[in-house]
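Right, one structure below, let's go through it.
The values are calculated or read from the model by the stated rules, or taken from the named source; none is laboratory data. All figures in this text were calculated on a predicted structure; none of them were measured in a lab. Cβ atoms come from the backbone with ideal geometry, glycine included; neighbour counts cover every protein chain shown. Heavy atoms of the whole protein, side chains included, go into the accessibility calculation; ligands, DNA and RNA do not. Shrake-Rupley method; radii C 1.70, N 1.55, O 1.52, S 1.80 Å.
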Amino acid sequence: MKINYYSKLRLNKLLLFLLLTLPIGLHAQYEGIDKDYFEFPIQPDKTNFLSGNMGELRSSHFHAGLDIKTAGREGLNVFAAAEGYISRVRVSTGGYGNCIYIQHPNGTTTVYAHLQRFNPIIAEYVLKNQYKRKSFTINLFPKRNEFQVKQGEVIGFSGNSGSSTGPHLHFEIRGLNQEVLDPLRIAGFEQIKDELAPSVQRIALKTMNIDSRVNDQFGRFEFALQKENGTYRLADTLDVYGKIGLEVYTYDQHNGASNKNGVPLIDMKVNDELYFSQNIDTIDFAQQKNILIHTNYQAQKESRRRYNKLYVDDGNTLDFYDAKVNDGFIYASPGEIKEVSMKLQDAFGNTSKVAMTLRGVDKKRTIPTEIKSKKGSYVQDNTLMLFQPKDATNNNITIYKEQGSVIAEPTYQDDNTSVFLIDLRQLLPQSVTYNDGSQESLHFADRIPAANAHSYLSDTYSLRFSKNALFDTVYIRARHFIDDAQMEVFEVDQDRYPLKGSVYAEFMPLSQYDDLEKYHVYSIKNPQNPGFVGGKYDEGKFSFNFSSFGKYTLIKDDVAPTIKKGSVKNGRISLTIRDNLSGINSFEAKLNGEWILMKYEPKRSLIWSERLDKNKPLVGEFELKVADNAGNESFLKLKLE
Ligand SMILES: [Zn+2]
């Protein structure tokens, strides 16, 4: 059976590509991918369970394939899903770990990641190349006729290598341009059972500009839903004004597993008109960063929930959205009724529905709704919100700019609280004085546009944003100071704006340091567990790149890694290597002066040897050198006999 998988546009792209690159006459087989073309790559005679599906929303990417559970076990046979040849073999300590790519005659590629080990023929090929290049990590591209495989042939064994956090097989099907396709929709594997519709947990409404309101307030508001007769409903009608964005927190579960997977298909209609539609059926690797703008990044940082936006936000370049009215945004005027419905569907066609009513109302100065935030400041997009308790006599605040000050009246208030909305496009405040006389420093440094490169210079630091650093304009708050614990802090806002690319920063140390070569930049998002960033010191300045906003500091690491000898048996030596602060950077072992391969599993801090010639005894002078990221080195010498 043929399925018409590709959209017309993609098909045209494919055909063009084929006409340009392949002999005429081959392209017929690309018109659709045969549903029976692929065999399930692990335990094909059983029902299997997934811990991840294709398109699932992860912290830095859309999940690229299926994560097939192996019940906590490793070493299960992994089969070639279809005939073809092994086009790539990779060994890395992070990422996909031990990984095989198979190129198939129909133009697709399948990927098998986090393997424990390869089949003996591939293992031998990898080992030879590791010795040839004197490197454990390796990325090999065998030729077309080197390793041909038949469908169902064992290519390796399932494991937990790379950045995997538990044993499973990560399996992908890719198209002609290495874009990821949904294996469940291409192959309809009967080894996976899913009769359960997506679960819709919550929805959120967000005001999209300073004049918008949800229940009379500016901000972002989450609502729980109730399920009645198969439809999720919002108990109350919501009052709205202006431009509003909707977001949904949803996941899909499969029969017999508790794992929360992604929901690929979501439609939203307003008064029966299709406003927004997403179909995560393919992902281009170059577009992966858009996950940060497809979801609500700020909400995820604040509430730990990853909401799927039902609007196409500024800077989003994904192409799996269709049939959009107003990019999905809802505009409400007083008196209008908006009946909103959503349809959420998994790869098996199981569907959930959501229904809610929005009522357009006018903006108010005195609002009947209780305001939750008390005193202080909060930034949402271009708008600064300031809150203070209501006072019988004075409800104004004073806002200080770089030059001069302005007195502001509340934008709206309830019985207890006043709220002030400041348009950051017009005013970048330095500090604010509240009605009780207290002052808050706001530290707005600059407006950073998304479309062009931009530099910001201060007395002790500078920031350089490339034109690809941001999705949207940000108003950054930045400062460089010594905190109460005498720690130098270089703070570039909080981690609430997503960064598309990295930002280059330079700063002159404020404190006196003894041995600056041993100091490096660390992220102190979690002060208890500083994260090594690196950077370098040159001519009085530290320079480094960061890919998320937040706090950074300088920490000295002059402690070398530790090496602990483990077992020596069956012709192999194993050791434990650890580093307390900057982390392991590299290691190298020699036996009788010759390079010897050490395999590395960072999750277990374990390295172990593997000889090219397994018949040679492991005897003689063994030397190991381990270096950390701060350049500290440890050495070990042993006599093996
Ligand atoms: Zn995976």
Worksheet item: So which pairs qualify, if the first residue must be in segment 415-434 and free of Cβ contacts under 8 Å to residues at least 40 places away in the same chain, the second must be part of a loop (DSSP other than H, G, I, E, B) and of a type in the set (Ser, Thr, Tyr), the Cβ gap must be under 7 Å, and the two must be at least 6 apart or on different chains?
Response: Phe420/Thr411
Worksheet item: Is at least one residue of segment 487-496 without any contact (Cβ under 8 Å) to a residue 60 or more places away in the chain and over 24 Å from Asn382 (Cα atoms)?
Response: no
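For every residue, the table says whether it meets (1) in a strand (DSSP E or B); (2) within 19 Å of Leu606 (Cα to Cα).
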| residue | (1), (2) |
| --- | --- |
| Asn526 | no, no |
| Tyr537 | yes, no |
| Leu554 | yes, no |
| Asp558 | no, no |
| Ser582 | no, yes |
Item to complete: Give just the number: which of (1) open to solvent by less than 70 Å² (accessible area, probe 1.4 Å); (2) on the phi < 0 side of the Ramachandran plot; (3) in contact with a Lys or Arg (Cβ under 6 Å, 6 or more places away or on another chain) does Gln226 not satisfy?
Response: (1)
Worksheet item: Hey, does segment 122-145 have a residue that's closer than 29 Å to Glu588 by Cα, within 16 Å of the ligand (Cβ to nearest atom) and at pLDDT 95 or above?
Response: no
Item to complete: From the list Leu442, Leu358, pick out the single residue that is more than 26 Å from Glu491 (Cβ to Cβ) and in contact (Cβ under 8 Å) with a residue 12 or more places away in the chain.
Response: Leu358
Item to complete: Please tell me if Gly84 is small (Gly, Ala, Ser), modelled with pLDDT of 95 or more and over 14 Å from Ile173 (Cα atoms).
Response: no
Worksheet item: Among the residues of segment 283-332, how many are open to solvent by less than 10 Å² (accessible area, probe 1.4 Å), over 17 Å from Pro264 (Cα atoms) and of a type in the set (Val, Ile, Thr)?
Response: 1
Item to complete: Tell me which residues, restricted to segment 37-55, are open to solvent by 20 Å² or more (accessible area, probe 1.4 Å) and either within 13 Å of the ligand (Cβ to nearest atom) or without any contact (Cβ under 8 Å) to a residue 40 or more places away in the chain (or both).
Response: Asp45, Ser51
Worksheet, complete the sentence: Log entry, pairs with first residue in segment 60-88 being without any contact (Cβ under 8 Å) to a residue 60 or more places away in the chain, second being open to solvent by less than 20 Å² (accessible area, probe 1.4 Å) and not polar (S, T, N, Q), beta carbons closer than 6 Å, six or more apart or on different chains, reads Ser87/Tyr101; Arg88/Tyr101
Discussion item. Quick check on Glu153: is it touching a helix residue (DSSP H, G or I) at 6+ places or on another chain (Cβ under 9 Å) and either open to solvent by 10 Å² or more (accessible area, probe 1.4 Å) or within 16 Å of the ligand (Cβ to nearest atom) (or both)?
Written reply: no
Worksheet item: Looking at Arg58, is it within 13 Å of the ligand (Cβ to nearest atom), modelled with pLDDT under 95 and either farther than 30 Å from Gln278 by Cβ or touching a helix residue (DSSP H, G or I) at 6+ places or on another chain (Cβ under 9 Å) (or both)?
Response: yes
Practice prompt. Working only within segment 374-410, note down all residues that are under 15 Å from Ile422 (Cα atoms) and assigned to a loop (DSSP other than H, G, I, E, B).
Written response: Asp381, Asn382, Asn396, Lys401, Glu409, Pro410
Worksheet, complete the sentence: Taking segment 68-88 and the residues there that are within 26 Å of the chain's Cα centre (by Cα), at negative phi and open to solvent by 10 Å² or more (accessible area, probe 1.4 Å), the one that is farthest from the ligand (Cβ to nearest atom) would be Arg88
Worksheet item: Which residues, taken from segment 89-108, are within 16 Å of the ligand (Cβ to nearest atom) and either surrounded by 17 or more Cβ atoms within 10 Å (Cβ to Cβ) or over 17 Å from Ala64 (Cβ atoms) (or both)?
Response: Arg90, Ser92, Tyr96, Gly97, Asn98, Cys99, Ile100, Tyr101
Discussion item. Residues that are at pLDDT 95 or above and in contact with a His (Cβ under 9 Å, 6 or more places away or on another chain): does segment 480-487 have at least one?
Written reply: no
Response to the item:
Scanning segment 158-215 residue by residue, those within 16 Å of the ligand (Cβ to nearest atom), of a type in the set (Val, Ile, Thr), surrounded by 20 or more Cβ atoms within 10 Å (Cβ to Cβ) and more than 30 Å from Gly245 (Cα to Cα) turn out to be Ile173, Ile192
